[in-house]
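Presented below is the structure to which this report refers.
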Amino acid sequence: MKLENSLVKIYGGFGNQLFQYCFANYLKRLQKEVYINNFWFSSVKDKFGRNEIFEPEFFGFKRASKPLLKMFEIADRYSDVNGSLIYSKFDDKNYELSSNKFFNYYTGIWQNSKYLDNSQEFLVSTLTKNEEISDYYNCSPRKKSVMLHVRGDNYIGEEIDFRYFYKCIDYIKNEIGKDIFINLFTDNKDVLKENRLINLVDEVNLPDNNKDDTLSNFAKMLNHEHFIISNSTYSYMAALMKSGNKNITLMPKPWMISKENKFLHLPQFTEVSSCLLYTSDAAD
């Protein structure tokens with residue numbers, strides 16, 4: 001098994017990065033030799049300005065050396081349409097464990113619950129090495145506190161109708177009582193115009209335009225008892241870290257409509273039917 005070289009590409013926003021590292025951990029638990037390719041962050045100008053939050057060594061993985069990356073590049077270049085005897089390239093749609101070769105390049109995001117076995121433990125043990133995350137994760141949250149995440153700015157075409165959030169709030173109130181404390185996290189200032197929602201929440205967290213506060217807001221999300229997430233891997237991962245026991249975590253169903261739907265339901269998550277506001281110019 002160790003004769004296989006597995007290269008996992010890391011790219012995209014923080015939530016996607018965490019999914020990719022969870023997949024790398026999934027491969028590692030299968031006794032594979034796993035290397036990380038994080039070259040995307042120094043080679044691509046992403047229109048949403050996504051940054052690499054933690055480097056591979058933070059998660060306990062080896063960064064692929066330049067010679068190894070070159071070998072994968074050559075193997076990819078000379079692999080024809082029928083494949084190669086020594087090289088396979090996988091994404092979310094074509095991954096088959098039985099198709100592994102000597103060189104295996106994994107380029108997907110891996111948003112599927114079947115790759116999340118042991119991921120809660122993996123995320124907690126690694127991410128709490130960061131002091132800010134550790135402080136918020138380990139600090140006792142406010143009683144009956146609810147993290148509510150509304151995503152918007154770079155999700156044109158997949159925004160969730162506000163009716164989903166109202167249903168989720170009613171669900172939690174029916175479960176634990178009406179005296180809940182709702183902390184709203186959003187990247188979209190237009191949410192503040194939704195008076196009915198704003199009248200229900202107790203606190204609002206908006207991004208800081210003067211700095212990258214991705215990590216800070218993620219850490220703050222952790223310090224709650226219950227979670228209402230949007231169709232966002234960012235809030236999904238925060239909820240996953242704290243899920244279980246008596247925590248309520250609500251997630252939308254379906255997750256997507258304009259793209260292929262994700263299979264992200266976990267036993268400790270409760271799905272709530274949602275209406276997605278589809279438009280033809282949905283963002284990638």
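In table form, for the structure just shown:
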read-out	value
Mean projected area in nm² (Cα convex hull; one quarter of hull surface) for segment 14-77	5.1 nm²
Where N is the number of residues in segment 1-130, Cα Rg divided by 2.2 N^0.38 Å	1.03
Solvent-accessible area, 1.4 Å probe, carbon plus sulfur percent, for the chain	48 percent
Helix 233-242 vs. the chain, principal-axis angle (Cα, 0 to 90°, nearest 10)	80 degrees
Per residue value of the accessible surface for the chain (all protein chains in place, 1.4 Å probe), Å²	51 Å²
Rounded to whole Å, sorted largest first: equivalent-ellipsoid semi-axes of segment 108-171, Cα gyration tensor	26, 21, 13
Dimensionless Rg ratio for segment 72-194, taking C-alpha atoms and the 2.2 N^0.38 Å reference	1.59
Quarter of Cα convex hull surface for the chain, i.e. mean projection, nm²	15.8 nm²
Order by protection proxy (mean Cβ within 10 Å, highest first), peptides 177-184, 212-219	212-219, 177-184
Long-range amide H partners of SER145 with built H, under 5 Å	PHE181, GLU225, HIS226
Relative contact order of the chain, defined on C-alpha pairs under 8 angstrom at six or more residues apart (%)	20 percent
Taking N as its residue count, the alpha carbon Rg of segment 171-259 over 2.2 N^0.38 Å	1.13
Between 0 and 90°, nearest 10: helix 14-29 axis offset from the chain longest Cα axis	50 degrees
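The values are calculated or read from the model by the stated rules, or taken from the named source; none is laboratory data. Source: prediction; values computed, not measured. Virtual Cβ from ideal backbone geometry, glycine too; neighbours counted across all protein chains shown. Ligands, DNA and RNA are stripped out before the accessible areas are found, and what is left, the full protein with its side chains, is counted by its heavy atoms. Shrake-Rupley method; radii C 1.70, N 1.55, O 1.52, S 1.80 Å.
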